[in-house]
Amino acid sequence: MKKKWIHVGAVCLVSASLLAGCGSAREAGLVTAGSAAQEVKPIAVSIAEVKEGVLTGGSQLLGEISPKVSVNVVAKLSGTLASLSVQKGEMVKQGQVIARLDQTDYVLGVKQAQASLNTAQASLAQAQAGVSAAKASLAQAQAAVETATSSLNQAKSTYGIKAAGNTSYEIAQQSVAIAQANYDRVKSLVDAGAASKTQLEQAESALLQAKTLMNQSAQADAQGKGAINTAKTSVKQAQVSADKTAKAAVQQAMGGERAARAGVQQAQVGLEKARTALNDTVIKAPITGIISFVGYETGELVSPQQAVATIININPVLVKINVSESMVVKFTKGALMDVEIPALGKTVKGKVTYRGIEADRQSKMFPIELEIPNPDGVILSGMKVNVLGVSMNNQKGLLVPADAIIEKDGKKSVYIVEGTRAIKRAIVTAEGNSTHVLVVSGLKSGDKVVVKGQSQLKDQAQVRIVQ
């Protein structure tokens, strides 16, 4: 039989202290409610003595029916059980709702998570707008650099170097020098009577004009240098504004956007978790089968530590037996064997589906599993069966009555009586027949084991021995 723990739901929202307190209160209620001063009534049982003996060989092996699949449905959520849709013995289908937890806190959790997401998305939109504004400012700053650079180029063109690599002032100085030389030459000629005064006046006028132009050129050059320097300063300032201030603003804005985007992602995860938790308040059957156990009643606090329900599938059922090394070779996978079910008064075919490849370290026995179809569900878990057609040799050892053995989840146990108490004891068995089973460990000769009434017992229960 395959044993599984199925967790339904996610995210425990109730504190451990509440769970522990509720669990304690529940246990206390079971033990003390209405019976604090009442004496516990002993349970009537029949016993048999464990003795050394010989297990007589025959053509059958004792086994027990178990479901092929048993699933404990355990909620991951803690909360009040609002409704229970199934009861023990009821057939359920995979995906069918079997219980619901109170959803009040989880609905509020979804609303809160949605509000957080909305806030995060608004922050992201604001951050994205900031990035756009910063990029626009950067574009303006870069345009200002281009404008300043154009102004600088224009200033250089207007006030820059003239022909022959000279400035306007230097050219004007050369003109003054030429005009001065001409004036000096004409004056010498006049003094010598070789030139007229009119020619001297013309040379003097040309000299004055050249000096005037030189003075104007000097002023123009000074103005041009100032304009160029101003343009250069403007270019540097524009570049600083673009490269440092504007670009830094863009980087900062983009960092804010990344943080806002991470906030949105985190809020989306929170919303997804909240929705998952809300969905998981609805507990569904993970397999098709029969409800064999219900752990809560409506209004009780559900804890992840206890199954809400157990679902078993008894079509097909399994028969588990243990055989010695001399017998294991007689079981081949896929072989059909006769299986007698005394409680139903019939014999059916069982198919060998598993043959152990390693012996148990304590019992030295090999596990064998047979599968039996059970479409009508009449073969029930716990029924004793005999696997027929297998010859056993006589074996000596400690014998316990087959009726005393309790098997659950692949583990075997018995109740032994000591005084007025029944004590549960785990055992390891070897082969057995319809009446007795060889015990490898867990019991000793002379132990008194319960053979009738053990279904009502719990460990340390008070008992009364009857015939």
How long are the semi-axes of the equivalent ellipsoid of segment 108-278, taking √(5λ) for every eigenvalue λ of the Cα gyration tensor, in whole Å from largest down? 79, 9, 7
Going through the DSSP H helices of the chain, which span 18 Å or more along their own axis at the Cα atoms while scoring at least 0.5 as a mean Kyte-Doolittle hydropathy? 16-32
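According to the square roots a ≥ b ≥ c of the eigenvalues of the Cα gyration tensor, what is the shape class of segment 368-467, taking rounded for a/c under 1.5, prolate for a/b larger than b/c otherwise, and oblate for the remainder?
Oblate shape, in that a/c is at least 1.5 and b/c is the bigger or equal ratio.
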Counting Lys +1, Arg +1, Asp -1, Glu -1, what net charge surrounds Thr298 among other residues with beta carbon under 13 Å of its beta carbon? -2
Classify segment 205-331 as rounded, prolate or oblate, taking a ≥ b ≥ c as the square roots of the eigenvalues of its Cα gyration tensor: rounded when a/c is under 1.5, otherwise prolate if a/b is larger than b/c and oblate if not. prolate
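Over 25 Å between Cα atoms: which of Lys68/Lys411; Lys284/Lys349; Lys351/Lys384; Lys76/Lys458; Lys330/Lys384; Lys93/Lys458 fall into that group?
On the way: Lys68/Lys411 15 Å; Lys284/Lys349 34 Å; Lys351/Lys384 17 Å; Lys76/Lys458 28 Å; Lys330/Lys384 22 Å; Lys93/Lys458 32 Å.
Going by Cα-Cα distance, Lys284/Lys349; Lys76/Lys458; Lys93/Lys458 fall outside the 25 Å limit.
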Please list, in chain and number order, the residues 5+ apart from Ser83 or on another chain whose amide H is under 5 Å from its amide H, with Hs placed from the backbone. Arg100
With a ≥ b ≥ c the root eigenvalues of the C-alpha gyration tensor of segment 61-102, is it rounded (a/c under 1.5), prolate (a/b larger than b/c) or oblate? prolate
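Based on DSSP, what percent of beta bridges with both residues in the chain are antiparallel, to the nearest 5? Write down the numbers at each step before the final one.
Numbers: 76 of 86 bridges.
So the antiparallel bridges in the chain amount to around 90 percent.
What is the sum of charges, Lys and Arg at +1 and Asp and Glu at -1, for the other residues whose Cβ falls under 11 Å from the Cβ of Gly334? Don't skip to the end; give the middle numbers.
Details: positive: Lys333, Lys351, Arg355; negative: Glu371.
My count for the surroundings of Gly334 gives +2.
Around Ala267, under 14 Å between beta carbons, what's the net of Lys plus Arg minus Asp minus Glu among the other residues? Before the final figure, lay out the partial values.
Values: positive: Lys111, Arg261, Lys273, Arg275; negative: Glu272.
Local charge sum for Ala267: +3.
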Fewest to most Cβ atoms within 10 Å: Met91, Met327 sort as Met91, Met327
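Rule-based calculations on the coordinates, nothing more; no lab input. Since the model is a prediction, treat every value here as computed from it, not as a measurement. All Cβ positions, even for glycine, are placed from backbone atoms using ideal geometry, and neighbour counts span all protein chains on display.
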